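The next block holds one structure in the form of structure tokens; read it before the comments.
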Amino acid sequence: MTGIGVEVGAQAARSRALAVLRIRGRALAVAVLPAAAEVILLTGGSTGHFVGPVWSAARLVVGVLAVVVLLAAAGIALVVARARPAVTPTVPIPEDSAPDLYRLVRDLADRLEVPAPSAIALTPDCDSWLEDRTHPAHGPPPRPVHDELAGPGQGSGLGAHRRAVTAPVLVIGSPFLWWMRVGELRAVLAPVVAGTGPSAHPDIAAARRFVRGLDAAVAVASTPGRCPLTRVVCAAVGWVARLLLRGCREHAALMERGVAAAAAERAQTVDYGLRIVAQEQVGLAYAGWDRLLTRVALPAWRMGRWPARLDAGVVAALTELSRRDRLAEGFASRLGERPACDLLEEPGTVDEAASLLAARLFHGGPAECGPDWAPVDWQAYPEEVVDRTWRADAARLHRVLDSLGVRPTADPTAPEAAGPTLARVLDHLTDPPDRNAPPAAGAEHAPQGPLAPGDDKEAEADPPEDADPGTERSAALAAVLTAALAREEAAVPRGATAVGQGPDSALWDDGALPLFPLQPPRTARDLLADHVTAMVCCAAVDTAGAVPGLDWLDGPSLLLGGERAGDLAPKVLSLIEEGDPGPLRDWLAASGIRPEKPVRLV
């Protein structure tokens, strides 16, 4: 039954590939139609059939039209053939750096009776796929393989009979290598590697090249910054390419569906029982990877640091999850088996390269290290990232208070503090505003600069008349804080990190980074809550002996007496949203934190 299912899926894919190629043939026929008409007119004139001034004029008009159409068709074909298709940025894995991994993939291809992938690369994401990189702009072409229809088992090795069709590159999600065991990785890769069989078919390969070329031509035609004449030509090329893409869209989708069905059916014979367990690990790895990026890596990237062992952090995060969640208790027992990263000769070096690529993809950092864009080990993360982030946010909060003319303390009998204090923030957010008082001194000297769209209106708008007096100052402070942060981000070049370094655009032609933003922009309330929390943490570290820490699932954390202070967020929100400082002040007193003491800022 498996063989029948494979043949049905492959036959469906081939039929749809032929449909795509027929569309290409019709486009070529339309291009040569005026030339064919001109040949007929010229032949008729030479034989004495089409004579007279009308036929002479027709030959002239059709000849000019044929030349124009042929030149246009040749130009469009050249753009489609030479345009560089999009390729996912990956970390290449040479065979000498992972011989065991290549051996596993070859053995898997032998069991599936399909050609082996031409190369292996890693992506900093929880996914795996095959990617064709035979375009000349993508570097040396991979070694070609034979057609799978020549017979089972004859194309599984890289030294098989060579044909023009080449095997694609196998792209593996790097978190899989560190979290999964060797058997689980083989089970997950089985349906992916099985896709090399249909990829070796000449018709499917030609159809894919045609669709990718059209897609790349549309991207080239859409590139801005050209002269008017070039823009007109590119618009025409883009219109033709989009027209052909619309005609191929349904056939290409059904072709890929047939390829996937055939690959999945063929992979049923390999580790079927283990694949069910491995799919559970895929979902778990995805959850841990997403949590690690958004809660742990993103704060480091914003500070100009990139964790150099993200994939190792996935193991720590998921191990912590298995400790907390009883549903995941069984996963901890797997850690005694051989991890898939042992298939690499130098897993630490590969992890560092994948971590840097993740920083570029998800945040837009530079391609090379520098004084303001440096790797950070997990042991140094609390000091280099957590503590610096808190103090940078606290410093920004006090700069905004200075610009608003907020006095250091609300108690006129208290002596002036020697530095920034948490009490200043609490008093400002607690005291109800005096609507009859003049504007705060120094507010007119607030730093000016370019704002993000809409931030200037939000920062300058007066609080609503029916606003709650207990939270009016919170709303006003949040608006000014948002504007200040927008000015700082506006001064950073596009695609750079928070420290102002621009990325090297060698991997991406357009340099539009980040390609995959992790989180939407934070709201004004979230920003204010983060800054007030940072100020509380700075006071705890400087006055109560607390230390910054790292929680693998929740990111930066405050450790008081060796225990994580997990009940701080509700008390900060009570101050901001309700204007009630009582819960936070009680917590500060119980923790031994003195808000009137100055703290150290960056």
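The values are calculated or read from the model by the stated rules, or taken from the named source; none is laboratory data. Keep in mind the model is a prediction, meaning the values are calculated, not measured. Here the Cβ is made from the backbone with ideal geometry for all residues, glycine too, and neighbour counts use every protein chain on show. Surface areas here come from the heavy atoms of the whole protein model, side chains and all, with no ligands, DNA or RNA. Shrake-Rupley method; radii C 1.70, N 1.55, O 1.52, S 1.80 Å.
Numbers below:
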| item | result |
| --- | --- |
| Of PRO89, VAL51, ALA109, farthest towards positive along the dipole that unit charges on Lys, Arg, Asp, Glu beta carbons give segment 16-138 | VAL51 |
| Pairwise FRET efficiency - VAL39 versus ARG246, Cβ, R0 = 25 Å, nearest 0.05 | 0.20 |
| Neighbour net charge for TRP239 - beta-carbon separation under 14 angstrom, K R +1, D E -1 | +3 |
| Sequence-separation-based contact order of segment 10-90, relative, with Cα cut under 8 Å and 6+ spacing, percent | 34 percent |
| Area of SER97 that stays accessible when all protein chains are in place (1.4 Å probe, Å², to 10) | 30 Å² |
| Probe 1.4 Å, all protein chains present, accessible-area order of LYS571, LYS597, largest first | LYS597, LYS571 |
| Modelled FRET efficiency - R0 56 Å, GLU472 with TRP129, Cβ distances, 0.05 increments | 0.60 |
| For ARG186, solvent-accessible area (1.4 Å; no DNA, RNA or ligand), Å² | 60 Å² |
| Probe 1.4 Å, all protein chains present, accessible-area order of VAL270, VAL192, largest first | VAL192, VAL270 |
| Net charge over other residues, Cβ less than 12 angstrom from the Cβ of ALA207 (K, R count +1; D, E count -1) | +4 |
| Whole-angstrom gap from segment 175-217 to segment 227-247, using each part's C-alpha centre | 30 Å |
| Accessible area expressed per residue, segment 243-331, with surrounding protein chains retained (probe 1.4 Å, Å²) | 46 Å² |
| Dipole magnitude (debye, nearest 20) for segment 212-309, charges at Cβ of Lys, Arg, Asp, Glu | 540 debye |
| Heavy atoms of MET255: accessible area, 1.4 Å probe, square angstrom to 10 | 0 Å² |
| Environment charge of ASP402, counting only residues whose C-beta is closer than 12 Å and scoring Lys/Arg +1, Asp/Glu -1 | +4 |
| HN-Hα J in Hz across segment 37-42 - Karplus 6.51, -1.76, 1.60, θ = phi - 60°, x for Gly and Pro | 5, 5, 4, 5, 5, 5 |
| Descending principal axes extents, segment 8-47, alpha-carbon based, whole Å | 54, 15, 5 |
| Nonlocal amide H pairs with ALA98, under 5 Å, H built at 1.01 Å | GLU345 |
| Residue-normalised accessible area of segment 25-82, given per residue in Å² at a 1.4 Å probe | 66 Å² |
| GLU368-LEU70 FRET efficiency (beta carbon distance; Förster radius 51 Å; 0.05 resolution) | 0.60 |
